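Single-structure report; data block below.
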Amino acid sequence: MLDHAHPAPASQAKPSEADERILSLDVLRGLALFGILLVNMKHFATPALYGGAASAGTLPLDRLVDGLIFFFAQGKFFPLFSFLFGLGLALQLMRWQAKCLPSTRLFLRRLLVLLGIGLAHATLIWAGDILAKYAALGLLFLVILPLSPRVLLMASGVLLAIPVLLSGTGVEGVMASLAGFPTTQTGLQTLVDQSLAAYGGGGFVEMTRQRLVDVSYRLVSWSYFSGL
């Protein structure tokens, strides 16, 4: 049946053909995803979200590997993947506009679908989802895209400086306290134990409840805020 299917009209949005894709960007995406996988392996296996309690008692080699992953992957591959995400959005908009397609409507539809997938992933599978975050920030793309490069560079500098200036000021503890989460090591250990019990021996309902707690904690955590 596919052999006799009619090709999509030129004015219809469709996936890029193989000869239209930029191979170097696809290679970089794969490399970035591999690095993100390395970073997230610890979060798959432990309640690392609630601090370093899960790392206590590990072997020196484990701590060395953890440090190498943090240095070479965490601060490198997430920005790379974010950059590629934004670049992909820009390329899509440019192609839709070149074909006189309703670029704004297509853009919003795709991001809303991505947001729905991300929310389902975060609540039903894993609280460390990144898709919802990208979709929510991507909605700002239509606002910032028309800005001049000079304004964008200045805004980028301000946004990058904010977490640096606020780091160590105690704002992370204030954010967690306002949301009702503990900030002491004893309180965080309670969350670690709760997480281990839910994911280690609970059913799907218990796991889903714990994921909602994890998602709430991530939204007020300093790493999530500064990563925006």
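The values are calculated or read from the model by the stated rules, or taken from the named source; none is laboratory data. Quick caveat, the model's predicted, so the values are computed rather than measured. Cβ sites come from the backbone with ideal geometry, for glycine too, and all protein chains shown count toward neighbours. Areas reflect the complete protein model, heavy atoms only, side chains present, ligands, DNA and RNA absent. Shrake-Rupley method; radii C 1.70, N 1.55, O 1.52, S 1.80 Å.
Summary of values
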quantity	calculated
For the stretch 128-228: rounded, prolate or oblate by the Cα gyration tensor [a/c cutoff 1.5]	oblate
For Cα extents along the principal axes in Å, calculated from these coordinates, the label among [x] 71, 54, 32; [y] 61, 50, 36; [z] 48, 45, 29	[y]
Accessible-area value, Arg109, 1.4 Å probe, nucleic acids and ligands omitted, Å²	120
Solvent-accessible surface ranking, highest first, for Ile22, Ile69 at 1.4 angstrom	Ile22, Ile69
Rounded percent of accessible protein surface that carbon and sulfur make up, the stretch 26-181, 1.4 Å probe	76
Gained length - Val164 relative to Leu64, 0.36 nm times residue gap less alpha-carbon distance	33.4 nm
Mean ellipticity per residue at 222 nm, deg cm²/dmol - from DSSP H runs of n ≥ 4 across the chain, formula -39500 (n - 2.57)	-22500 deg cm²/dmol
Lysine pair number, Cα distance threshold 30 Å (strictly under), the chain, separation 8 or more or different chains	6
Spin-label pair Val151/Ala45, simplified geometry with 7 Å Cα→Cβ offset, distance in nm	4.8
Two-site label geometry, Leu178 and Tyr224: point separation in nm, points 7 Å out along Cα→Cβ	1.4
Accessible solvent surface per residue of the stretch 74-132, calculated while the other protein chains remain in place, 1.4 angstrom probe, Å²	55
For the stretch 166-228 and the stretch 87-150, distance of Cα centres in Å	27
